[in-house]
There are 2 protein chains.
Amino acid sequence: MNIFQLEVLSTVVERGTFSDAALDLEVSQSAVSRAIAALEAELGVPLLSRGRFGAKLTPVGERVLNHAHKMLDLKEHIDYEVNLEKGLYHSRLRISSFRSAATHLLPASIARFRQQFPSVEVTLSELDPAGVEQSLREGQTDIGLIPLPRSEEFNTIEIARDEYVVLLPKTDSPPPKNLTWEDLSPLSFILFNYAECTSAVKGHWAQCGQSFEVGYVIKEDSTIVSMVAQGLGAAVLPRLAALPIPDGVYVRSLPTRLSRIIGAATLATTPHAPAVKMFLDVLSQKGMFAHQTQA
Amino acid sequence: MNIFQLEVLSTVVERGTFSDAALDLEVSQSAVSRAIAALEAELGVPLLSRGRFGAKLTPVGERVLNHAHKMLDLKEHIDYEVNLEKGLYHSRLRISSFRSAATHLLPASIARFRQQFPSVEVTLSELDPAGVEQSLREGQTDIGLIPLPRSEEFNTIEIARDEYVVLLPKTDSPPPKNLTWEDLSPLSFILFNYAECTSAVKGHWAQCGQSFEVGYVIKEDSTIVSMVAQGLGAAVLPRLAALPIPDGVYVRSLPTRLSRIIGAATLATTPHAPAVKMFLDVLSQKGMFAHQTQA
DNA sequence: GGATATCTATGCGGAAAGCGAATAGAAGTT
DNA sequence: AACTTCTATTCGCTTTCCGCATAGATATCC
């Protein structure tokens, strides 16, 4: 049994006669006749009844065709996999990302992607969000990880949500589990001057009708964590940026939660290469990269 | 692409080497090598990486094999259908049934069965339940429809439940929708002397602590229905036996419901021929005869 | 380093399968 | 009866597939 025979059977049933099926398949009528005869000989049952009226399925032919259709569908899936592989072969994928997403989100995703497509060359550039946008615009980057929302020149999908947390230095008594604005009001804050975090925090405070004292505005997340550990102030920054958090620092949620949305962006006007599409599937856990759930 | 190539691919992966796969498949090692090479040439991608260590799937090979396994499963389904057809061809199915099941239940089932297996010769004998049992014992019947329960010499499956109803003649005022034992106590009843109905009804009355007057005991269900229509009494009999019920007769449920179970029986000691198995599936709406539900 | 073992790939010759063109046979239509 | 339209089969050729034998590569053993 081969795929051609199943295609012949399917087309004969669809067209009604061997002659019309032959035209459709671009082979001779005798090739169609012999393909069907060979299949019937192999299986040992008549699949079609035929005569001057053309050809119609027998009852067992109907049941066989049901399965045959599924096999033809699977052949299309195989062709898809194969064409995907051919499209990806020796292609490349250029990713840009701001630092904490580059450090904490991308490595696992890239590993997973390359497990399936080892021939794709992946590059990862660490840029601030404005740099990521620029690199997308200049065609230097295929996929950029940036905070959302973004302008309409980009197509975006949400990848993760990253909560802003309060880092507090170790003191004689630990801070309460749930902070209030009153707990925070006497504190001096170190803000994270990167990836629009400072403006997000200030906007959030304003929106909550609160005010706070800014002690420092620092670009390096690791420096901020160290300063908190040394008792120089409290900090507010995204959890991913704070990682890894040393023992000498408490982590608490804000009284009113704030999160940033991390998205994957592509340039809206650029058609996606197969590698880009596949990696977007990894990031959003779709298609073959859907999360395995217990059956 | 053909089934043999998919079997080769599957076996190579399972066995680890072309040489071991060749032994398994009872072909030469070079036949295995060329089958794989032909498949890779047709698809245009390498499915296996191989050398002195044997053969391992490439990533695209894994994805292709996933679909290939499903195709091999479908081939087994096709083989099953085909073997089933061969087993059934020119076989026969002998059914015996008591009258109302023969009249009302079997025709649709037999039609459905023969639509799929037109080559099976079906015979239907109408016998009372004792006659059905005897015919099964004597090997003259493959499947018998009889009321349940039955002795352990038979394997049985429940096919339907058939409610005993009260038939009442048309009078100046219609009977209440829900009859009470008081409503029934002044009536004279015509009982159905067939398929253990009389004993079932008497047993039910006794179990409910009631008594009733028996006017007639009649064997013909159509005669009973006519007598009720003529005002000669009320009747208690299974609904299927009463069909078709003319306009001049009211139908009501008993105050305490009574149903008979109609079952399909086969002789416990006899292995089932394929036609018997398939028809039991029709009756119990299993396998390929499962009820279609909206998706 | 050389010999050996074990794996896959390929050449050779023969058998089997598949192709299109042509035609035979059957059945429906005119 | 003649014609049309369908499938099945023959013919001659081409392609594919087979086992046997062997080439080539690589790991193991001495």
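The values are calculated or read from the model by the stated rules, or taken from the named source; none is laboratory data. Since the model is a prediction, treat every value here as computed from it, not as a measurement. All Cβ positions, glycine included, derive from the backbone under ideal geometry; neighbour counts span all protein chains shown.
Does residue A:31 satisfy being under 20 Å from residue B:82 (Cα atoms) and within 13 Å of DNA strand C (Cβ to nearest atom)?
Values: under 20 Å from residue B:82 (Cα atoms): no; within 13 Å of DNA strand C (Cβ to nearest atom): yes.
Judged against the criteria, residue A:31 is not a match.
All of B:45, B:32 fail the test of being out of contact with any Lys or Arg (no Cβ under 9 Å at 6 or more places or on another chain) and more than 30 Å from residue B:120 (Cβ to Cβ), apart from B:32. Criterion first (closer than 25 Å to residue B:42 by Cα and surrounded by 18 or more Cβ atoms within 10 Å (Cβ to Cβ)) does residue A:85 satisfy it? It is true that residue A:85 is closer than 25 Å to residue B:42 by Cα and surrounded by 18 or more Cβ atoms within 10 Å (Cβ to Cβ).
Taking the range A:46-88, which residues are basic (Lys, Arg) and part of a helix (DSSP H, G or I)? It would help to see each step written out before you state the result.
Step one: filter the range A:46-88 for residues basic (Lys, Arg), giving A:50, A:52, A:56, A:63, A:70, A:75, A:86.
Listed by number, the residues that qualify are A:63, A:70, A:75, A:86.
Identify, please: which residue in the range B:113-126 is in contact with a helix residue (DSSP H, G or I) (Cβ under 6 Å, 6 or more places away or on another chain) and modelled with pLDDT of 90 or more and is, among those, farthest from the other protein chains (Cβ to nearest Cβ)? Looking at residues that are in contact with a helix residue (DSSP H, G or I) (Cβ under 6 Å, 6 or more places away or on another chain) and modelled with pLDDT of 90 or more, I get B:126. Is it the case that the range A:59-76 has a residue that's of a type in the set (Asp, Glu), within 16 Å of residue A:7 (Cβ to Cβ), without any contact (Cβ under 8 Å) to a residue 40 or more places away in the chain and more than 10 Å from chain B (Cβ to nearest Cβ)? The answer is no; no qualifying residue exists.
Each row is one residue, and each column tells you yes or no for (1) over 30 Å from residue B:120 (Cβ atoms); (2) exposed (fewer than 15 other Cβ atoms within 10 Å of the Cβ); (3) touching a residue at least 60 places away in the same chain (Cβ under 8 Å).
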| position | (1), (2), (3) |
| --- | --- |
| B:201 | yes, no, no |
| B:206 | yes, yes, no |
| B:213 | yes, yes, no |
| B:219 | yes, yes, no |
| B:225 | yes, no, no |
| B:240 | no, no, yes |
| B:249 | yes, no, yes |
| B:277 | no, no, no |
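Suppose the filter is outside any strand (DSSP E or B) and under 26 Å from the mean Cα position of the chain (by Cα); does residue B:152 pass it? Answer is yes for this residue. Within the range B:1-56, if we keep just the residues that are aromatic (Phe, Trp, Tyr) and farther than 19 Å from residue B:74 by Cβ, the residue that is surrounded by the most Cβ atoms within 10 Å (Cβ to Cβ) turns out to be B:18. Per this entry, residue A:25 is counted among residues that are out of contact with any Cys (no Cβ under 8 Å at 6 or more places or on another chain), assigned by TED's automatic domain parsing to the domain that holds residue A:73, more than 22 Å from residue B:89 (Cα to Cα) and modelled with pLDDT of 95 or more. Among the residues of the range A:96-112, are any surrounded by 16 or more Cβ atoms within 10 Å (Cβ to Cβ) and without any contact (Cβ under 8 Å) to a residue 12 or more places away in the chain? No, the range A:96-112 contains no residue that is surrounded by 16 or more Cβ atoms within 10 Å (Cβ to Cβ) and without any contact (Cβ under 8 Å) to a residue 12 or more places away in the chain.
Residues in the range A:155-179 that are more than 28 Å from the chain's Cα centre (by Cα) and either among the small types (Gly, Ala, Ser) or assigned to a strand (DSSP E or B) (or both): A:166, A:167, A:168, A:169, A:173.
The residue that is nearest to the other protein chains (Cβ to nearest Cβ), counting only those in the range A:3-27 that are within 8 Å of DNA strand D (Cβ to nearest atom) and outside any helix (DSSP H, G or I), is A:16.
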